[in-house]
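The values are calculated or read from the model by the stated rules, or taken from the named source; none is laboratory data. Quantities reported herein were computed from a predicted structural model and do not represent experimental measurements. Cβ placement follows ideal geometry from the backbone for every residue including glycine, while neighbour counts extend to all protein chains displayed. Heads up: the accessible areas ignore ligands, DNA and RNA and are worked out on the full protein's heavy atoms, side chains in. Shrake-Rupley method; radii C 1.70, N 1.55, O 1.52, S 1.80 Å.
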Amino acid sequence: MRIDEEAIDRRLREMGPPRGPAEDRDLALIELAMFVEETFGLALADEDIAPETLGSAEAIRRLVLDRSKA
């Protein structure tokens, strides 16, 4: 499945900011992983659930674009 950057950005804006206290970073990463999997039809490995991969809109965009090319 091919996804363009505009579609990714639109879905990330719709998702909005993470909920809950900042110290629940692990939970926020899991919620982001679930969002990415459900929204973009991707399967993430455990090692993908990390701040480097899901910690910013740019990182998520890069992940989705890379995985959607495969």
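Points to keep in mind about this one:
- Filtered by the rule that a residue be over 19 Å from GLU5 (Cβ atoms), more than 10 Å from the chain's Cα centre (by Cα) and not in a helix (DSSP H, G or I), segment 28-49 gives ALA43, ALA45.
Residue-wise test of (1) in contact with a helix residue (DSSP H, G or I) (Cβ under 6 Å, 6 or more places away or on another chain); (2) at pLDDT below 85; (3) open to solvent by less than 40 Å² (accessible area, probe 1.4 Å).
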site: ARG11; (1), (2), (3): yes, no, no
site: ALA22; (1), (2), (3): no, yes, no
site: MET34; (1), (2), (3): no, no, no
site: GLU37; (1), (2), (3): no, no, no
site: LEU42; (1), (2), (3): yes, no, yes
site: ALA45; (1), (2), (3): no, no, yes
site: GLU52; (1), (2), (3): no, no, no
site: SER56; (1), (2), (3): no, no, no
site: LEU65; (1), (2), (3): no, no, yes
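- For segment 35-62, a tally of residues being touching a residue at least 40 places away in the same chain (Cβ under 8 Å) and within 13 Å of ASP9 (Cβ to Cβ) returns 3.
- Among the residues examined, LEU65 qualifies as assigned to a helix (DSSP H, G or I), under 12 Å from GLU5 (Cα atoms) and in contact (Cβ under 8 Å) with a residue 12 or more places away in the chain.
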